[in-house]
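Every number in this text was worked out from the coordinates using simple rules, so none of it is lab data. What you see is a predicted model, and the numbers here were worked out from it, not measured in a lab. All Cβ positions, even for glycine, are placed from backbone atoms using ideal geometry, and neighbour counts span all protein chains on display.
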Amino acid sequence: MGSKSVVGIVMYGEAKEDKTVWKDWLAYAKSVSEMLDYKLTHFGVESDSWKDGNVKTLSRSGKRLLEIIHNYENIEHLSFYSLPKNYHTASGSKELYLELYPRGKWVYCEFLLEKHNESPANILHWKY
């Protein structure tokens, strides 16, 4: 098994108490995935109505996620993944991982560096 270079970046700070933070986070996750040339395939969310802790596919459950976001449901955290086909575990297979966790006061991004020659600091910028 070959080794892979992974970049992980965590940013700490206070989250805005703003109803649009989850819409903004979704838009940001999409823009980062496009910038890094990864397709968002899965997500994880903990909200008032969704507490199972399982990673879900955007193709099957994305509509329900959008309903939660657009209805301004209370969300604890929301993460997005780019996972290859036939992955075994999300944690061991992710190509891109983005998570916003306001109560913990952090945003986390992790991605494989092999596609990118640019400094990670030049790629990412999230203001919340």
Restricting to aspartates and glutamates and to Cα separations under 19 Å from residue 23, and discarding same-chain partners fewer than 8 apart, the set is 14, 34, 46, 48, 67, 73, 76, 99
Among rounded, prolate and oblate, which fits segment 17-116 when a ≥ b ≥ c are the square roots of the eigenvalues of its C-alpha gyration tensor, a/c under 1.5 means rounded, and a/b larger than b/c means prolate?
prolate
May I ask you to derive the relative contact order of segment 13-103, considering only C-alpha pairs under 8 Å and at least 6 residues apart, and to give it as an integer percent?
30 percent
Of 56/105; 4/63; 19/94; 19/51; 85/105; 4/105, those spanning more than 27 Å from alpha-carbon to alpha-carbon:
4/63; 19/94; 85/105; 4/105
For the residue pair residue 74 and residue 6, what label-to-label distance in nm results when each label sits 7 Å from Cα along the Cα-to-beta-carbon direction?
3.2 nm
